[in-house]
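Participant: Sharing a structure here in structure tokens format.
The values are calculated or read from the model by the stated rules, or taken from the named source; none is laboratory data. Since the structure is predicted, the reported quantities are computational estimates derived from the model, not experimental observations. All Cβ positions, glycine included, derive from the backbone under ideal geometry; neighbour counts span all protein chains shown.
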Amino acid sequence: MNLTPATLICGRHRLDLSYPRVMGILNVTPDSFSDGGRHVALEDALRHGERMLAEGAAIIDVGGESTRPGADEISPQQELDRVAPVVEALVRELDALVSVDTSCPEVMRASAALGAGMINDVRSLEREGALAAATSTGLPVCLMHRQGEPRDMQQAPRYDVPIEEAVADYLAERVAACKAAGLRSERLLVDPGFGFGKTVEHNLRLLNRLERLAALELPLMVGMSRKSMIGKVLERPVEERLPGGLALTALAVERGARIVRVHDVAPSVDAVNMTWAVLKEGC
Ligand code: 9MG
């Protein structure tokens, strides 16, 4: 029986997940790996968010800390200074459903107060104070698997069990920790964390076995857009990874993903909708 909730309550917004949705990436980092920090200025960020919504994004994911391999951590205040004005403007001017990509308790609380509707934490609320902060916001939280920290995670990733088992076990553990802290499962999503402490082979196998995560009975989110797994398989630089990414998106949806986090919203919405049109006929 699939107990995955069809609707997430995201503050003022309801997010229907009875079909797959697209989350648009809005990096507000000066060193963002794929947009070169072009959206740091508030007006640029707002227009970029507006365009992604017009192209069919259901959620805008705003992040102020770069999580690309090798990136250094920044202070909570630096992160807040980057993220808060953008969250506020997207909510106030566009009434957008904003997800905040953060591991920082202060940023979670402040973003929720500004009207954000979701928390996306690549560290699965492991940072001190993050579990309590996320619980207090009342917002849904995406828990993501990773091995190591962005600074060193790609140095020599290895696992003692098949990657899909390692990821499923870790996520099950974090879900249990959230429930023990009072964060109900209706507010949780899970993400295998493609590229976070994984070799290309790990990433490919994980996508192949994505259905293993269905056992968690929570909405599944994935992010593969422009990542190096595409670059390495196809030998493409970052600006030529869209076709490879669309293929991965279609496969992820076929294997149960309900949110796909992407840079290129318009083609991804088409890929998701086309894949879903086929899958619906099998229901
Ligand atoms: C912030 N971020 C970068 N990559 C990501 C991914 O694959 N999933 C999630 N949830 N967040 C990500």
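Participant: Would you pick out the residues in the stretch 98-116 that are outside any strand (DSSP E or B) and within 15 Å of the ligand (Cβ to nearest atom)?
Facilitator: THR102, SER103, CYS104, VAL107, MET108, SER111, ALA116, listed by residue number.
Participant: Also: Let me confirm something: among VAL269, VAL238, VAL265, which residue is among the hydrophobic types (A, V, I, L, M, F, W, C), touching a strand residue (DSSP E or B) at 6+ places or on another chain (Cβ under 7 Å) and within 16 Å of the ligand (Cβ to nearest atom)?
Facilitator: Checking each option against the conditions leaves just VAL265.
Participant: Which of the residues spanning the stretch 140-165 are assigned to a helix (DSSP H, G or I) and more than 16 Å from the ligand (Cβ to nearest atom)?
Facilitator: Correct list: GLU165 only.
Participant: Something else now. In the stretch 219-269, how many residues are hydrophobic (A, V, I, L, M, F, W, C), assigned to a helix (DSSP H, G or I) and touching a Leu at 6+ places or on another chain (Cβ under 9 Å)?
Facilitator: Selection size over the stretch 219-269: 8.
Participant: Restricting attention to the stretch 130-139, does a residue exist that is of a type in the set (A, V, I, L, M, F, W, C), crowded, with 16+ Cβ neighbours inside 10 Å, within 13 Å of the ligand (Cβ to nearest atom) and part of a helix (DSSP H, G or I)?
Facilitator: No: zero hits.
Table: residues versus (1) under 24 Å from GLU149 (Cα atoms); (2) more than 12 Å from the ligand (Cβ to nearest atom); (3) crowded, with 24+ Cβ neighbours inside 10 Å.
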{"residue": "LEU204", "(1), (2), (3)": "yes, yes, no"}
{"residue": "LEU210", "(1), (2), (3)": "yes, yes, no"}
{"residue": "ALA215", "(1), (2), (3)": "no, yes, no"}
{"residue": "MET221", "(1), (2), (3)": "yes, no, yes"}
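Participant: Kindly establish whether CYS178 is part of a helix (DSSP H, G or I) and within 16 Å of the ligand (Cβ to nearest atom).
Facilitator: yes
Participant: Based on what the data block shows, is ARG51 in contact with a Pro (Cβ under 9 Å, 6 or more places away or on another chain) and charged (D, E, K, R)?
Facilitator: No.
Participant: On to the next question. Using the structure shown, decide if LEU188 is more than 15 Å from the ligand (Cβ to nearest atom) and surrounded by 20 or more Cβ atoms within 10 Å (Cβ to Cβ).
Facilitator: For LEU188, the condition - more than 15 Å from the ligand (Cβ to nearest atom) and surrounded by 20 or more Cβ atoms within 10 Å (Cβ to Cβ) - is not met.
Participant: Look through the stretch 152-183, keep the residues that are of a type in the set (Lys, Arg) and more than 19 Å from the chain's Cα centre (by Cα), and return whichever of them is surrounded by the most Cβ atoms within 10 Å (Cβ to Cβ).
Facilitator: By that ranking, first place goes to LYS179.
Participant: With the condition kept exactly as written, say whether any residue in the stretch 256-268 is in contact with a Gly (Cβ under 7 Å, 6 or more places away or on another chain), among the β-branched types (Val, Ile, Thr) and without any contact (Cβ under 8 Å) to a residue 60 or more places away in the chain.
Facilitator: no
Participant: Looking at (1) in a helix (DSSP H, G or I); (2) at pLDDT 95 or above, which is the only condition ALA215 fails?
Facilitator: (2)
Participant: Give me the pairs, please: first residue somewhere in the stretch 190-218 and at positive phi, second residue anywhere and in a helix (DSSP H, G or I) and surrounded by 19 or more Cβ atoms within 10 Å (Cβ to Cβ), beta-carbon distance under 7 Å, and either six or more positions apart or on two chains.
Facilitator: Close Cβ pairs satisfying both conditions: GLY195/ASN203; GLY195/MET229.
Participant: Ok, one more. When you go through VAL222, VAL141, VAL200 one by one, which is the residue that is under 26 Å from ALA110 (Cβ atoms) and of a type outside the set (Ser, Thr, Tyr)?
Facilitator: VAL141
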